[in-house]
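A.B. asks: Have a look at this one.
Read the figures in this text as sums done on the coordinates, not as results from a lab. Treat the numbers as computed from the prediction; the structure is a model and nothing was measured. So basically every Cβ, Gly included, is an ideal-geometry build from the backbone, and we count neighbours across all protein chains shown.
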Amino acid sequence: MKERRDYMFALVRQWRESGLTRKEFCLQHGITLSKFGYWISRWKEDQSAVNSGFIPMGSPGIAGHSVLSVIYPNGVRLEVPSADLGLLSRLIALV
């Protein structure tokens with residue numbers, strides 16, 4: 001499915017740079033307008049997630065350390081290695 005997603009996202013980027021209407025682009029590429037609209041919305045979601053300002057921290061359970069969870073009142077949950085006390089204190093201070 002990732003290959004399909006990558007292919008469709010590439011087409012969305014091509015369309016955005018082409019200057020064509022959705023309908024013209026879809027006719028040229030043999031794509032239904034409704035399917036292309038779906039992929040445009042998925043691409044926009046993906047772009048907003050990329051630009052949200054959150055930085056993935058990787059796997060917190062490394063080097064044999066236990067993992068602690070910080071759960072904020074709004075439901076956001078962060079898991080950090082318990083060995084990184086500085087990071088943990090900064091996260092708790094955000095509450």
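A.B. asks: Return the FRET efficiency for the residue pair ARG42, TYR72: r is the Cβ-Cβ distance, R0 is 22 Å, and the value is rounded to the nearest 0.05.
C.D. replies: 0.20
A.B. asks: Excluding residues fewer than 8 places away in the same chain, name every one of the aspartates and glutamates whose C-alpha is closer than 17 Å to that of LYS44.
C.D. replies: Partners within reach: ASP6, GLU17.
A.B. asks: Rank by packing, highest mean first: peptides 40-46, 72-78, with packing defined as the count of other Cβ atoms within 10 Å averaged across residues.
C.D. replies: 40-46, 72-78
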